[in-house]
1. Answer yes if at least one residue in segment 21-39 is free of Cβ contacts under 8 Å to residues at least 24 places away in the same chain, open to solvent by 60 Å² or more (accessible area, probe 1.4 Å) and part of a helix (DSSP H, G or I), and no otherwise.
2. Is it the case that segment 40-56 has a residue that's in contact with a Lys or Arg (Cβ under 9 Å, 6 or more places away or on another chain) and of a type in the set (Phe, Trp, Tyr)?
3. Of all residues in segment 35-60, which are among the hydrophobic types (A, V, I, L, M, F, W, C) and more than 17 Å from Met71 (Cα to Cα)?
4. Please tell me if Ser116 is among the polar types (S, T, N, Q), surrounded by fewer than 15 Cβ atoms within 10 Å (Cβ to Cβ) and assigned to a loop (DSSP other than H, G, I, E, B).
5. I need a count of the residues in segment 41-68 that are without any contact (Cβ under 8 Å) to a residue 40 or more places away in the chain and of a type in the set (Phe, Trp, Tyr).
6. Does segment 89-112 hold any residues that are of a type outside the set (D, E, K, R), at negative phi, in contact (Cβ under 8 Å) with a residue 24 or more places away in the chain and surrounded by fewer than 17 Cβ atoms within 10 Å (Cβ to Cβ), and which are they?
7. Have a look at Val57, Val98, Val37 and point out the one that is more than 13 Å from Lys119 (Cα to Cα), touching a helix residue (DSSP H, G or I) at 6+ places or on another chain (Cβ under 8 Å) and modelled with pLDDT of 95 or more.
8. Looking at segment 66-83, can you tell me whether even one residue there is in a strand (DSSP E or B), in contact with a Lys or Arg (Cβ under 9 Å, 6 or more places away or on another chain) and open to solvent by less than 60 Å² (accessible area, probe 1.4 Å)?
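The values are calculated or read from the model by the stated rules, or taken from the named source; none is laboratory data. Note that this is a predicted model, so its numbers are computed, not measured. Cβ atoms come from the backbone with ideal geometry, glycine included; neighbour counts cover every protein chain shown. Areas reflect the complete protein model, heavy atoms only, side chains present, ligands, DNA and RNA absent. Shrake-Rupley method; radii C 1.70, N 1.55, O 1.52, S 1.80 Å.
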Amino acid sequence: MDIREIMNILPHRYPLLLVDRIIDLELGKRIVGLKNVSVNEPYFQGHFPGFPLMPGVYILEALAQVGGILMIKSLDLEIGKYAVVFAGIDEARFKRPVYPGDQLVLELEVLSLKKSLSKMKGVAKVEDQVVAEAILYASARELSQLRR
């Protein structure tokens, strides 16, 4: 799945679209996505000047976005009618830093899959080394429910 299809599925846009490609997808089971980490990412200006590190929250958000694609595709949610929203996180751990030039491999495995609340195990890797992992929760909401 290339960036055009990703942008058709996810509402995120620059600077918060954190998925470049989906390389594997087993509906209802697992997904693998890629994020190419560029020195041009806006957060590197302040995190940290002279020593750029990708913030952990952005690694988790990248995992969540890939998980959102898995939910939308697996539950056959109507594009433009539903949004997948982050509902919680458990057991988040960061194992090593992520630097400009790294390619994040974002793997998620379904633990339970429901529109009301899905649970997935996420692992982020760089060069086959785990950099972060977490249990992520998300729910699908109609866009009309999210608007004020």
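1. Taking every residue of segment 21-39 in turn, none turns out to be free of Cβ contacts under 8 Å to residues at least 24 places away in the same chain, open to solvent by 60 Å² or more (accessible area, probe 1.4 Å) and part of a helix (DSSP H, G or I).
2. No, segment 40-56 contains no residue that is in contact with a Lys or Arg (Cβ under 9 Å, 6 or more places away or on another chain) and of a type in the set (Phe, Trp, Tyr).
3. Matches in segment 35-60: Val37, Val39, Phe44, Phe48, Phe51, Leu53, Met54, Val57, Ile59.
4. Judged against the criteria, Ser116 is a match.
5. 3
6. Residues satisfying the conditions are Ile89, Ala92, Phe94, Pro97, Tyr99, Pro100, Gln103, Leu111.
7. The unique qualifying residue is Val98.
8. yes
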